[in-house]
Amino acid sequence: MKQQLESIRQKAKEELQSVSALAEIDAIRIKYLGKKGELTAILKQMGKLSAEERPIIGQLANEVRADIENEISKETQIIKEKVLEQKLKDEKIDVTLPAKRNAMGHKHPLSIVLDEVKDIFFGMGFNVASGPEVEWDYYNFEALNIPKNHPARDTQDTFYITENMLLRTQTSPCQIRVMEKQQPPIRVIAPGRVYRSDAVDATHSPIFHQIEGLVVDKGITMADLKGCLESFAKALYGEDTKIRLRPHHFPFTEPSCEIDVSCFNCGGEGCPMCKGEGWIEILGGGMVHPKVLRGCGVDPDEYSGFAFGIGLERLVMFRFNIDDMRHLYENDVRFLSQF
């Protein structure tokens, strides 16, 4: 039995000397030290030994087990170090190589033009006003001189939440909120998202953006409105741009007008973009109705003001020669990457 134990010790050491993988070491451990291993098989025969021989063989068996376990531990450490060394060699990084550039996003065309519009009006002394998109009927209609059953409400195609609450159809309610809280002089623009129950097509969407403007002070006239919008058009489309005012009607302004700019594509000579007219409508405006001023606590006998509203999508489509508004909302990377 002593010879068998010494033979097991010797064979286990020889086999461990030739291993090259952790799986091979584990196989040797099972072969010699496992429940059905060779050492265990020897120990099962100790019952046949005399009382004098049993402690001697037991001590030798423990020494053999300890030697094999030490060799297994030593070879395991060697294999792990080799594996780590090879892994570091395979995964080494040359830090002197140029790094891969991450794909960077950029501004959406709506944001590009909106930022330009803001900069233009900031240069004229305007501030930005904002308000809730879920609005009261009072601010969206009644305070703007559009009472219930007024015909103008039919053209708004409003999304009502309750009888007196709705998704705002314009950003004009921001102007009312500003006038309620601030005494003139007032000079603000109110850009934001608005909602109308329109069918989706190349020029309509149930969600779009408007930029409302408001100026209230002593001695404000239509000449100030024309001068402000002319400066805006020249800054956005070039110094050669001209504007014209056409009579119109809005319940919250009196007098009211629609404003056209000379076609920046053909210079006013006529082309498909302006439908041969040489002019393109971009916004509406007028002098703030005295009733609107009075309802906000502003004395119309002392102060006057003008207001205007611009469709942001219309500006973007003209600016980048886009013929379908849906491109602005579909998030097609092929389209957006052009800007």
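The values are calculated or read from the model by the stated rules, or taken from the named source; none is laboratory data. These figures come from a predicted structure and were not determined experimentally. Every residue, glycine as well, gets a Cβ built from its backbone with ideal geometry; the counts of neighbours run over all protein chains shown.
Here are a few things to note about the model shown:
- Of all residues in the stretch 138-156, none are surrounded by 14 or more Cβ atoms within 10 Å (Cβ to Cβ), touching a residue at least 24 places away in the same chain (Cβ under 8 Å) and charged (D, E, K, R).
- Filter pass, A143 being outside any helix (DSSP H, G or I), of a type in the set (A, V, I, L, M, F, W, C) and not assigned by TED's automatic domain parsing to the domain that holds A27: no
- The set of residues in the stretch 91-145 that are hydroxyl-bearing (S, T, Y) and under 24 Å from H327 (Cβ atoms) contains only S111.
- The residues of the stretch 42-72 that are loosely packed, with under 12 Cβ neighbours inside 10 Å and among the small types (G, A, S), listed by number, are G47, S50, A51, A66.
- G270 vs. criteria in contact with a helix residue (DSSP H, G or I) (Cβ under 7 Å, 6 or more places away or on another chain) and closer than 30 Å to A199 by Cα: no
- Check on E116, closer than 30 Å to L312 by Cα, surrounded by 13 or more Cβ atoms within 10 Å (Cβ to Cβ) and of a type outside the set (K, R): yes
- Helices (runs of 4 or more DSSP H) contained in the stretch 1-45 and holding at least 2 residues in contact with a Phe, Trp or Tyr (Cβ under 8 Å, 6 or more places away or on another chain): 2-17, 38-43
- Strands (runs of 3 or more DSSP E) wholly inside the stretch 175-267 that include at least 3 residues being in the same structural domain as N321 (by TED's automatic domain parsing), under 37 Å from the mean Cα position of the chain (by Cα) and crowded, with 18+ Cβ neighbours inside 10 Å: 186-195, 207-217, 253-262
- The number of residues in the stretch 67-120 that are more than 30 Å from A190 (Cβ to Cβ) and assigned to a loop (DSSP other than H, G, I, E, B) comes to 14.
- M287, sole failed condition from (1) in contact with a strand residue (DSSP E or B) (Cβ under 6 Å, 6 or more places away or on another chain); (2) farther than 28 Å from D154 by Cα; (3) not β-branched (V, I, T): (2)
A quick yes/no check of all residues on (1) among the polar types (S, T, N, Q); (2) under 46 Å from the mean Cα position of the chain (by Cα); (3) at negative phi:
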| position | (1), (2), (3) |
| --- | --- |
| G58 | no, no, yes |
| I72 | no, no, yes |
| T76 | yes, no, yes |
| K87 | no, yes, yes |
| V95 | no, yes, yes |
| H106 | no, yes, yes |
| L110 | no, yes, yes |
| L114 | no, yes, yes |
| G123 | no, yes, yes |
